[in-house]
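S.K.: Below you'll find the structure I mean.
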Amino acid sequence: MSGSTVRSVVVGVDASTHAGEALDWAADEAALRGAPLRIAHAWTPAPHRVPGKDGVAVATGMIQAAEEMLARAGVRVKERHSGLRVDFEVLPEEAVPGLIRLAQDADLLVVGSRGLSRFSSVLIGSVSQSLVAHAPCPVVVFRGAPDAIGPAAAAAAVEPGDGATAPGPGAVVLGAAPGEVAGPVEFAFAEADRRAVSLLAVHTWMYPVSYSGFMVMPPDDSDQRNGEETRDLLEVLATARKEYPDVKVFTEVGMNEPATTLVRLSAGAGLVVLGANRHRNRFALPIGSVAQQVLHYAHAPVAVVPHGHR
């Protein structure tokens, strides 16, 4: 295992159901890591500006409500993990800059997929998307899917035997892009190691298409291509496998759309791990189309790890 210094797990909360579930997940994760949990709630008086004494009263009331929310969150955490160190932070600013500021000194940032919003049909909120695109540390977006397995349950799951041909329940699923860098790979192995579950490394490839539904070249050499892609994947995993020898590794390589495959394999997983393929082109999605789709539709929490993170 890596001997890196353990820093805090930060979780952003509001009054939404997703935030409460994310809080539980973050508390379990902090307990597994032996790390303190930092619970944060952001508020800003900007949408509620009232002049004079009334404005002061509104701001005071909002601060009190935020502190009460954090106190309730602390009680909820202590009921799950009585010995866990818990700190609180009221952020007098918008959620995104406030949480990014806290993330500077954190090992992990956890948020629900949606906060309180008028648009309940939105699958992933703007705060979650912005944090994934800009936070300096790994961000876990908890979607609250009914078949998602939390860290504590995943750690208690039965590990498949030596002859197993598929990962057991609560496995960590790693989406490995071509030439994937060390950060997401090491993060995925570390998560699997602390949960004592297996890791499923997934790599897909596609032939070029001339237009939707039709390939430029037939897949007659798919076996040869799968072999080449598998060798490339094993090279990407080699260093982490040496560092985490107790993690049982499975691989899935094939011709398919990467997001479709990862969403399918996320069912019953404990965590899906992706690299943050961030774009600075103003005409591109900020985190890449695969991560965007997986964040919207995965059946398990999704961790997006900045490239270069260690």
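The values are calculated or read from the model by the stated rules, or taken from the named source; none is laboratory data. Fair warning: this is a prediction, and the values are worked out from it, not measured in the lab. To get the accessible areas, we keep the full protein, side chains included, count just its heavy atoms, and leave off ligands, DNA and RNA. Shrake-Rupley method; radii C 1.70, N 1.55, O 1.52, S 1.80 Å.
S.K.: How much solvent-accessible surface does residue 251 expose, in Å² to the nearest 10, with a 1.4 Å probe and all protein chains in place?
M.R.: 70 Å²
S.K.: Just to check I understand the Karplus step: with θ = phi - 60° and J = 6.51 cos²θ - 1.76 cosθ + 1.60, what whole-Hz values come out for the stretch 191-196, glycine and proline as x?
M.R.: Whole-Hz 3J(HN,Hα) from phi for the stretch 191-196: 5, 5, 5, 6, 8, 6.
S.K.: Read phi for every residue in the stretch 251-256 and hand back ³J(HN,Hα) as whole Hz from Karplus 6.51 cos²θ - 1.76 cosθ + 1.60, θ = phi - 60°, with x for Gly and Pro.
M.R.: Rounded to whole hertz, the list is 10, 9, 10, x, 7, 5.
S.K.: Related question: Tabulate in residue order the Karplus-calculated ³J(HN,Hα) for the stretch 66-77, using 6.51 cos²θ - 1.76 cosθ + 1.60 with θ = phi - 60°, rounded to whole Hz; enter x for Gly and Pro.
M.R.: Per-residue couplings from phi come out as 5, 5, 5, 4, 5, 4, 5, 4, x, 4, 4, 5 Hz.
S.K.: Further, regarding this structure: Please list, ordered by chain and number, the residues whose modelled amide H lies under 5 Å from the amide H of residue 287; skip anything fewer than 5 residues away on the same chain.
M.R.: 279
S.K.: Can you sort 242, 248 by solvent-accessible area, 1.4 Å probe, largest first? It would help to have the intermediate numbers written out before the result.
M.R.: Numbers: 242 165, 248 55 Å².
Most to least solvent-accessible, the answer reads 242, 248.
S.K.: Moving on. Using modelled backbone amide H atoms (1.01 Å from N, in-plane), which distant-in-sequence or interchain residues come within less than 5 Å of residue 42's amide H?
M.R.: 13, 91
S.K.: Probe radius 1.4 Å, ligands and nucleic acids left out: which of 134, 18 has the largest accessible area, and how do the rest follow? Intermediate values should be presented prior to the final figure.
M.R.: Numbers: 134 100, 18 35 Å².
Highest to lowest solvent-accessible surface, that is 134, 18.
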